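Reviewing the structure listed below.
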Amino acid sequence: NAGVTQTPKFQVLKTGQSMTLQCAQDMNHNSMYWYRQDPGMGLRLIYYSASEGTTDKGEVPNGYNVSRLNKREFSLRLESAAPSQTSVYFCASSARTGGSSPLHFGNGTRLTVT
Amino acid sequence: AQKITQTQPGMFVQEKEAVTLDCTYDTSDQSYGLFWYKQPSSGEMIFLIYQGSYDEQNATEGRYSLNFQKARKSANLVISASQLGDSAMYFCAMREGLGQGGSEKLVFGKGTKLTVNP
């Protein structure tokens, strides 16, 4: 029972490099999300996808792009990494649009940009 | 203005005692939901409890209960009979505009670090 799977778990990039964080869920959930967590800042929403084929910006979208590849997969791309993007990134999914559905989180990706 | 405010950066409690973690929120919607999550030192985010704005009863899940005071816009988490394994960060979050056409977003507070002492 995998739930939400994120890869990689850890990554070190140099400034200007690009990478894609992968996320997949096996719970047949409609909505998927990318958050970043920085010390003292809680979790901040980067992008989300309410359903397959749609994506929307969250609080802190600058410097990121996303792709909802299919219902299961939602990837986050950093085109030109900056030290300010050093953070822990969480992917999450929820069953249905709005309502009381909680978010189910992956275990996070710890990204360091030097 | 912050949507979710958690005013206690850190809290300490003795094992077996109860503790209340504060959360206040700001919304003009009539229909919204409040969530609490736990994040142990291992880093995963664990869903604890949910309260809807129209729910008449305070939510309870085992040792967790939510002290929901709508007029005060507060949704405090109460943990009864604290255990050492309760030591973690706790996050309050809100989803506004429940129902059709409502927001998908869950907005989080900055968290409270709870330490349970033996």
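Brief remarks on what is shown
- Averaged over the residues of A:29-41, the number of partner chain Cβ atoms lying within 10 Å of the residue Cβ comes to 2.
- Near residue A:58, the amide H atoms lying under 5 Å from its own belong to A:47, A:48; only residues 5 or more places off or on other chains count, and H is placed 1.01 Å from N.
- Think of chain B as having a plus end and a minus end, set by charges on the Cβ of Lys, Arg, Asp and Glu; of B:49, B:9, B:78, B:9 sits farthest toward the positive end of this dipole.
- Take each residue in B:35-41, count the other chain C-beta atoms within 10 Å of its C-beta, and the mean is 2.
- Residue mean of other protein chain beta carbons inside 10 Å, B:44-55: 3
- The protein assembly as shown: Lys pairs at Cα distance under 16 angstrom, eight or more positions apart or on different chains: 7
- When only Cα pairs below 8 angstrom with a gap of at least 6 residues are kept, the stretch B:30-118 shows a relative contact order of 29 percent.
- Of the two radii for chain B, the radius of gyration is 0.97 times the Kirkwood radius, both from the alpha carbons; that is the Rg over Rh value.
- Shape summary of the protein assembly as shown, radius of gyration then Dmax from alpha carbon positions: 17.6, 52 Å.
- The listed peptides A:107-114, B:8-15, ordered by packing as a protection proxy, come out as A:107-114, B:8-15 (highest mean of other Cβ atoms within 10 Å first).
- With the simple spin-label model, which puts each label point 7 Å out from Cα in the Cβ direction, the residue A:15 to residue B:113 separation comes to 2.9 nm.
Coordinate-derived values only; no laboratory data. Fair warning: this is a prediction, and the values are worked out from it, not measured in the lab. Glycine gets a Cβ as well: all are built from the backbone with ideal geometry, and neighbour counts include every protein chain shown.
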